[in-house]
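First the structure, in the form of structure tokens, and then the observations on it.
The values are calculated or read from the model by the stated rules, or taken from the named source; none is laboratory data. All figures in this text were calculated on a predicted structure; none of them were measured in a lab. Cβ placement follows ideal geometry from the backbone for every residue including glycine, while neighbour counts extend to all protein chains displayed. Ligands, DNA and RNA are excluded from the accessible area calculation, which covers all protein heavy atoms including side chains. Shrake-Rupley method; radii C 1.70, N 1.55, O 1.52, S 1.80 Å.
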Amino acid sequence: IIKSVAVAFVSNIRFISKCWTQWFDRDDPDGTGDWESMSSLRGSYPGQICDSPIDMEVTTLSNVPAAYFSCFVRNDMDSGFVCRLSDQPSYQCHDYRVRFRCPSNFCQQVCWTGWYDRDDPSGTGDWELLANLQTENLGEICDDPVHIDVVTKNDGIQAFRTGQFFHRLSPSQGFACRNEDQVNEMCLDYKVRFGCPCPPVSPLTKSLIRAK
Ligand SMILES: [Ca+2]
Ligand SMILES: [Ca+2]
């Protein structure tokens, strides 16, 4: 009986998705707390979290599970994670990070393009729209990207960490920063890349990979 239970356990394990997102740490615990809520994460990392996560993991940046602590106003897969200073006896939160387990098809076959920087913010802003990039780089970017990554050109800082306001930021439209939307009326110079579904691997390529 023990053996059959063990076999059932092992065979179930195979069906548990290993598709974890990267760790997300979009906020620091200053201000009112550490806000890693689902809505803000989806805004900061468009396309990088599946629509219906099946698990969530929260740890401090030094890898201590959040379960070791308590008093979180949000801590579930629908809302994400929020630690409010005002809920803590010490009026302090650790700096937490969050990742999600997604259905396995979410992880399969995403291929990133190279980086693109077609514009400088000297005119009306920094325009890195998908349609322009597709036209100017024929055949290099798929029709319907599923992810977008935007960082500053010089320092590689994630766009959302700069504090600037963006006119467009999505895998389907690309990126645009308008100077008129900024406090100092000047966008930084950004570069973008897109995550596309990978082309299918032919049977010949598969057998070559296996032979290596
Ligand atoms: Ca954090
Ligand atoms: Ca640019």
Fill in: Accessible area expressed per residue, the chain, with surrounding protein chains retained (probe 1.4 Å, Å²)
61
Practice prompt. Let me see the pair-distance distribution of region 109-207: every alpha carbon pair, 5 Å bin width, integer percents in order.
Written response: 3, 13, 23, 22, 15, 10, 5, 3, 2, 1, 1, 0
Practice prompt. Can you find, among Met186, Met56, Ile16, the residue farthest towards the positive end of the dipole of the chain? Put +1 on the C-beta of Lys and Arg, -1 on that of Asp and Glu.
Written response: Ile16
Discussion item. Would you work out the Kirkwood radius for the chain? I mean one over the mean of 1/r across all pairs of different Cα atoms, in Å.
Written reply: 19.9
Worksheet, complete the sentence: In order over region 161-175: 3J(HN,Hα) from phi, Karplus 6.51/-1.76/1.60, θ = phi - 60°, whole Hz, x for each Gly or Pro, gives 7, 7, x, 7, 9, 10, 7, 9, 6, 7, x, 7, 10, x, 9
Worksheet, complete the sentence: A 1.4 Å probe over the protein heavy atoms gives the chain a carbon and sulfur accessible-area percentage of 54
Worksheet item: Gln22 to Ser79: extension gain in nm, 0.36 nm per residue of separation minus the Cα-Cα distance?
Response: 18.7 nm
Worksheet item: Roughly what would the spin-label model give for Ser172 and Ser86, points 7 Å off Cα along C-beta, in nm?
Response: 3.6
Discussion item. Which three numbers, in whole Å and largest first, are the semi-axes of the equivalent ellipsoid of region 17-106 derived from its Cα gyration tensor as √(5λ)?
Written reply: 23, 13, 10
Discussion item. If I model a spin label as a point 7 Å beyond the Cα along the Cα-Cβ vector, how far apart are those points for Glu140 and Arg118 in nm?
Written reply: 1.0
Worksheet item: Which distance in nm do the two modelled labels at Phe165 and Glu180 give, with both placed 7 Å along the Cα-to-Cβ direction?
Response: 1.2
Worksheet entry | Helix-only [θ]222 nm of the chain, DSSP H runs n ≥ 4, -39500 (n - 2.57) each, per residue, nearest 500 | -4500 deg cm²/dmol
Item to complete: Pull the list of the chain cysteines that no other Cys approaches to under 4.7 Å, Cβ to Cβ.
Response: Cys71
